[in-house]
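Take a look at the structure below.
What follows draws every value from the coordinates through simple rules; no lab data is involved. In this text the structure is predicted, and so the values were computed from the model without any measurement. Using ideal geometry, Cβ is built from the backbone for each residue, glycine included, and neighbour counts are taken over all protein chains shown.
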Amino acid sequence: MKALLIYPKYPDTFWSYKHALSFIHKKASLPPLGLLTVSSLLPKSWKKKLIDLNVNELKDEDILNADIVLISAMIVQRDSVEDIIKKVKPFGKFIVAGGPLFSTLYKDFPGIDCFVLNEGEITIPLFLKDIENGMVKYIYQSEEKPDITKTPIPDWSLINTNDYATMPIQVSRGCPYSCDFCDIIVMNGRNPRLKNPEQVIAELDAIYNIGWRNAVFIVDDNFIGNRKKVKLILNEITLWMKKYNKPFVLSTEASITLADDVEIINLLKESNFTSVFVGIETPEEESLKSCGKYQNTGKDMKEKVNFLQRNGLEVKGGFIVGFDTDTIKTFDKMIEFIQNSGIVTAMVGLLHALPKTKLFERLHKDGRILNGASGNNTDSTLNFIPIIDKDILIEGYKKILDTIYKPKNFYNRIIIYLNEYKEFATVSKLSFGITIKAITRSIWLMGITEKGKLHFWKMIFWTLLHKPKLISEAITQAIYGYHYRAVLLAKNDE
């Protein structure tokens, strides 16, 4: 059996980093971990080929040479999925689909022949058994949560690592919290399931053995969901890092409660972590309570953020406007918090009602759902009727983006961040040639041609004077800013 695994293209979004990747000559941020894992769940006798449309084009010969086509996608990749179906269908190939997009919206894709949904460790073996017996069903579903200590190592042989900026691994699934807008608990449950320490080390070994020596992102939605077990894993990662002289820099996602656990913070430092994405959502207590984000309440959030930064962890923050309790004052409060906290990467989005979430069910019951979810909450569109006037909400949202990503404010925020930040990690270095090209392009685009060039140079000279060892970090953040402005400000001017 010859299987063609296709990963759809991402639109130009906040997290695509399309405009930043060009500085370091990479085609995509991350390879498709889900499909690489699926490949390892398929029979070893099958011949497999991966086409990541973020890296390569899908050619007719790829389709012709396949016996079966497998697609995995997230909601934001929906348009690309439609294009794939149109391209593959005329060839008469059997199309199988899975992943978050199809788990909630499979009825919207009549062009798909078979859906293998939920967690693949359970449903893929059922599908494979029926293929062997020549009796494939239309849909395979299961609410059973698999033991992920039995999940195989992803099939890294399917990719060219030179195409990507970062390699991903997964340590856990599930989150103990119950934020009403989040679909993670819908898909993966509230009881975090973790791989064992030996398994995590084996996955690091696998990435090391393919020659990778750069950034690794732990894709867990809350890496510290089970603190006791994650401490055991971090202890093993620390030993592994020492053994191999810290070949990777690590990053992940976690709740702000991380700032309350000094033991884990120290283990993260020893394990060579450099950043963490935190769902802050809003500085307003009432809004946090309204969406069930109680873990963020009763805290000095700015101090929590600064504490993590002082411990070598750059905080990338997720923010949301559009809660029922938001008012016209919300927008200025959010701008003030983001600027004063020094969160350089502030992903501010409009509240989005994702299928099957508590938020969606509540709004649907109240007759407030307008349309399906796009999966992109930064394009100034709403899929529900807000309590606050829609026009005020959209204009307020645009005001936040226009303010925080204006060059003056963005570069000032880098200064605030660097002033707090203390570097502990050993940072992987790009090749000399790519580093020189990235610096040269940065100077040309942000220091010469952009309108905010004076603020760029102010930030650069401040860094050289006060934090000269962090000049590489300063330039990296400036490059990210170039991407954010290209995506967010351009789209919201339309």
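Quick look at the values:
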read-out	value
Listed pairs Lys107/Lys399; Lys87/Lys356; Lys27/Lys48; Lys107/Lys289 exceeding 26 Å between Cα atoms	Lys107/Lys399; Lys87/Lys356; Lys107/Lys289
Percent of beta bridges antiparallel (DSSP, the chain, rounded to nearest 5)	5 percent
Positive-end residue of Trp15, Leu370, Tyr177, charge dipole of the chain with Cβ unit charges	Trp15
The stretch 229-308: chymotrypsin sites (Phe, Trp or Tyr not before Pro) falling in loop per DSSP and having at most 15 other Cβ within 10 Å	Tyr244
Estimated vicinal HN-Hα couplings, Hz - the stretch 6-15 in sequence order (Karplus 6.51, -1.76, 1.60; Gly, Pro = x)	10, 10, x, 7, 7, x, 6, 10, 3, 8
Per-peptide average of other Cβ atoms within 10 Å, ordering 158-165, 330-337 highest first	330-337, 158-165
Pairwise label distance in nanometres, Arg213 with Val262, each label 7 Å out on the Cα-Cβ vector	3.7 nm
Neighbour-count order for Cys182, Cys175, fewest beta carbons within 10 angstrom listed first	Cys182, Cys175
Charge dipole (debye, nearest 20) of the stretch 165-420; +1 at Cβ of Lys and Arg, -1 at Cβ of Asp and Glu	540 debye
Amide hydrogen neighbours beyond the local backbone of Asp52, cut-off 5 Å, H modeled	Tyr7
Interchain or long-range residues, amide H under 5 Å from Ala97's placed H	Ile71, Cys114, Phe115, Val116
C-alpha long axis of helix 453-466 to longest principal axis of the chain, angle in °	80 degrees
Residue-averaged [θ]222 nm for the chain, counting only DSSP H segments that reach four residues, each worth -39500 (n - 2.57)	-12000 deg cm²/dmol
Karplus (6.51, -1.76, 1.60) ³J(HN,Hα), θ = phi - 60°, over the stretch 189-195, in Hz, Gly and Pro reported as x	x, 9, 9, x, 10, 10, 6
Across the chain: Cys residues that no other cysteine approaches within a C-beta distance under 4.7 Å	Cys114, Cys175, Cys291
Correct option for semi-axes √(5λ) of the Cα gyration tensor in Å [calculated from the coordinates] among [x] 53, 32, 21; [y] 45, 28, 22; [z] 35, 27, 24	[z]
Residue-by-residue Karplus 3J(HN,Hα) for the stretch 153-170, coefficients 6.51, -1.76, 1.60, Hz, glycine and proline x	5, x, 8, 5, 5, 7, 10, 9, 4, 5, 7, 10, 8, 9, 9, x, 9, 10
Reachable lysines, given that their alpha-carbon falls under 26 Å from the alpha-carbon of Lys242 and they are not under 8 places away in the same chain	Lys195, Lys228, Lys229, Lys231, Lys269, Lys422, Lys429, Lys469
Least to most buried among Ser16, Ser271, Ser172 (fewest other Cβ within 10 Å first)	Ser16, Ser271, Ser172
Sites matching GluC sites (Glu not before Pro) across the stretch 96-169 that sit in DSSP coil, with at most 14 neighbouring C-beta atoms within 10 Å	Glu143, Glu144
The chain: angle of helix 390-404 to the longest principal axis, Cα-based, in degrees nearest 10	60 degrees
Degrees, to the nearest 10: 432-444 long Cα axis against longest axis of the chain	60 degrees
